[in-house]
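Encoded as structure tokens, the structure appears first; notes follow it.
The values are calculated or read from the model by the stated rules, or taken from the named source; none is laboratory data. Bear in mind the structure is a predicted one, so any value in this text is a computation, not a measurement. Neighbour counts run over all protein chains shown; Cβ positions are idealised from the backbone, glycine included. We work out accessible area using only protein heavy atoms, side chains counted, and drop any ligands, DNA or RNA first. Shrake-Rupley method; radii C 1.70, N 1.55, O 1.52, S 1.80 Å.
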Amino acid sequence: MEEFVQNKIMPPVMKLVNTKAIQAMKDGMIYTIPLIITGSIFLILGQLPVQSAQDYLNSIMIGDISLNSLFLKANASTFSINAIIAVVAIAYTYIKNEGYEPLGGAFVALGAFLLISPDTISTILDSGEEVIAGGVINKGWTGGKAMIGSIIVGLLVGWAYSAILKRDIRIKMPAGVPEGVSNAFTALIPAILIITVTMIIEGIFHAVASQTGMELIYTVIGAPLQSLSDTYGAIMLVAFLVHFLWFFGVHGATLISGIMTPMWTANYMENQTLYDAGNLTLETGHIVTQQFYENMITITGSGITIGIAIYCLAFAKSTQYKALGGIAIGPAVFNINEPIIFGIPIVMNPIAAIPFILVPMISTTMEYVAIATGLCPMYRGIYVPWTTPPIISGFLIGDWRTAVLQALVLVMSVVIYTPFMRILDKQAVENEAKSATADDDDDDW
């Protein structure tokens, strides 16, 4: 099995992960995290779970706007523009990895993104008349709905910009010209070519489908991918693969989440948009989001290994695992489990691998069923850093019910890991006894 995985499965997987496109997408999406977390803070402040507190914030007026509305405006100005951040960051990363000055190309990507995005917004007056305003940046298409489109534009512009420069199609400035001026002129010809081609493609989209490019991408690619990522089968496959790959020494969480994060991010952004419109239901929204993955499937680290840390700290008989428990329990609270991954070790350890794979799959089922049946709320735009301790993170991203579900998952982790850890602990005790006997024999001699 090991030979089959190493020789047949891992080479094509690693080849995919190491492609320029996947690297640019994975690294570029990281740039969205600061604004997502910042927006989440203001969203929490603007939608306090205590009605009296929210009413108090609404009563505090700053000029013609309430403090509560100001919090929500801060959320909209950060959280709702993540597709714009993503398209700039992905193109920037792609071009930088190719060895060229990336900022000019990143701005070209932004121009292409806005070119294919809707630039009108409509509203219905009290009289029933529809009024359409043009020449605007529609925030409905700068967040979750545009995330897949922003990835495509960012990658294509990054590739095209780099390809043009590789062929040395640029305006070269003489020596002594300031670097900023030189970089601006370097970007000029690629910008003209890329924006012109984008304009032609946008015209074709309107002629054929009477839609902008971004709307067409969402209809044909974005919505189906989001729906697929939102299924029970898909998330169970993710839960399995992340931990199956870890068994062979491959960082499964980095590999799989790097591919899935854009779709999960789009899912919870769309949930927030639906919630703001009062239309977030199981039929319209998404169950599986980035919060689903980070706060239930890999809570306390891949494998939900806090069960191992608690067993070692409270029940272990061997000196080895007692020491490991003391070292691992602190980091585990903050979702860091490298001491356990490499201290057991998990890699190539079939006894530890069984619960390591099983526990996250059980957790996935518990969470999916809890949300699908309405026992726990769907995740919205509140995103917390991955190091946020469990229970606290559950309360912030959901409510008290999500925190209770996390507590049940942690208990389940201890229960499932315990019989397997007893086997490993017993083996460690026997090995320590043999080692002590051997040392005594050496002393007698």
Exercise for the section: Could you check how many residues of segment 76-116 are of a type in the set (S, T, N, Q), in contact (Cβ under 8 Å) with a residue 60 or more places away in the chain and surrounded by fewer than 24 Cβ atoms within 10 Å (Cβ to Cβ)? Expected result: 2
Handout entry: In segment 220-231, residue surrounded by the most Cβ atoms within 10 Å (Cβ to Cβ) [restricted to those that are at pLDDT 85 or above and part of a helix (DSSP H, G or I)]
Key = S229
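Condition test on A86, is it in contact with a helix residue (DSSP H, G or I) (Cβ under 8 Å, 6 or more places away or on another chain), among the hydrophobic types (A, V, I, L, M, F, W, C) and at pLDDT below 85?
It is false that A86 is in contact with a helix residue (DSSP H, G or I) (Cβ under 8 Å, 6 or more places away or on another chain), among the hydrophobic types (A, V, I, L, M, F, W, C) and at pLDDT below 85.
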Practice task
Would you kindly identify the helices (runs of 4 or more DSSP H) lying entirely within segment 232-336 that contain at least 3 residues that are surrounded by 24 or more Cβ atoms within 10 Å (Cβ to Cβ) and of a type outside the set (F, W, Y)?
Solution key: 232-247, 252-276, 306-314
Fill in the blank from the handout: Flagged in segment 257-305 as in contact with a Phe, Trp or Tyr (Cβ under 7 Å, 6 or more places away or on another chain) and either basic (K, R) or under 24 Å from A21 (Cβ atoms) (or both), in numbering order, are S257, W264, Y268, V288, T289, Q290, Y293, E294
Problem - Test: I287 is without any contact (Cβ under 8 Å) to a residue 24 or more places away in the chain and more than 14 Å from V359 (Cα to Cα) - result: no
Exercise for the section: For segment 412-424, state whether one or more residues are in contact with an Asp or Glu (Cβ under 7 Å, 6 or more places away or on another chain), open to solvent by 20 Å² or more (accessible area, probe 1.4 Å) and in contact (Cβ under 8 Å) with a residue 60 or more places away in the chain. Expected result: no
Fill in the blank from the handout: (1) open to solvent by 60 Å² or more (accessible area, probe 1.4 Å); (2) modelled with pLDDT under 85; (3) within 27 Å of M361 (Cβ to Cβ) all hold for K145 apart from (3)
Completion exercise
Pairing a residue in segment 385-406 that is touching a residue at least 12 places away in the same chain (Cβ under 8 Å) with any residue that is basic (K, R), where Cβ atoms lie under 9 Å and the two sit 6 or more apart in sequence or on different chains, gives G394/R401; I397/R380; G398/R380
Practice task
Sort out which residues of segment 42-60 are modelled with pLDDT of 85 or more and out of contact with any helix residue (DSSP H, G or I) (no Cβ under 8 Å at 6 or more places or on another chain), and write them in order of number.
Solution key: S59
Exercise for the section: Report yes if some residue within segment 59-74 is within 23 Å of the chain's Cα centre (by Cα) and either surrounded by 15 or more Cβ atoms within 10 Å (Cβ to Cβ) or of a type in the set (D, E) (or both); otherwise report no. Expected result: yes
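Residues checked against (1) of a type in the set (A, V, I, L, M, F, W, C); (2) part of a helix (DSSP H, G or I):
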| site | (1), (2) |
| --- | --- |
| A74 | yes, yes |
| S77 | no, yes |
| S80 | no, yes |
| I84 | yes, yes |
| A89 | yes, yes |
| T93 | no, yes |
| G99 | no, no |
| G105 | no, yes |
| A112 | yes, yes |
Practice task
Among residues belonging to segment 205-219 that are touching a residue at least 24 places away in the same chain (Cβ under 8 Å) and open to solvent by 40 Å² or more (accessible area, probe 1.4 Å), point out the one that is nearest to E283 (Cα to Cα).
Solution key: Y218
Practice task
Kindly list, by first and then second residue, each pair from a residue in segment 16-31 that is aromatic (F, W, Y) and in a helix (DSSP H, G or I) to a residue that is surrounded by 16 or more Cβ atoms within 10 Å (Cβ to Cβ) and at pLDDT 85 or above, limited to pairs with Cβ atoms under 7 Å and residues at least 6 apart or on different chains.
Solution key: Y31/I85; Y31/A89
Completion exercise
Checked segment 31-58 for anything in contact with a strand residue (DSSP E or B) (Cβ under 9 Å, 6 or more places away or on another chain) and open to solvent by less than 50 Å² (accessible area, probe 1.4 Å); matches are L57
Exercise for the section: Answer yes or no: is there a residue in segment 179-197 that is over 17 Å from E98 (Cα atoms), open to solvent by 40 Å² or more (accessible area, probe 1.4 Å) and either in contact with a helix residue (DSSP H, G or I) (Cβ under 6 Å, 6 or more places away or on another chain) or of a type in the set (S, T, Y) (or both). Expected result: yes
Exercise for the section: Provide a single number: the residues in segment 347-387 that are hydrophobic (A, V, I, L, M, F, W, C), within 29 Å of F79 (Cα to Cα) and modelled with pLDDT under 90. Expected result: 3
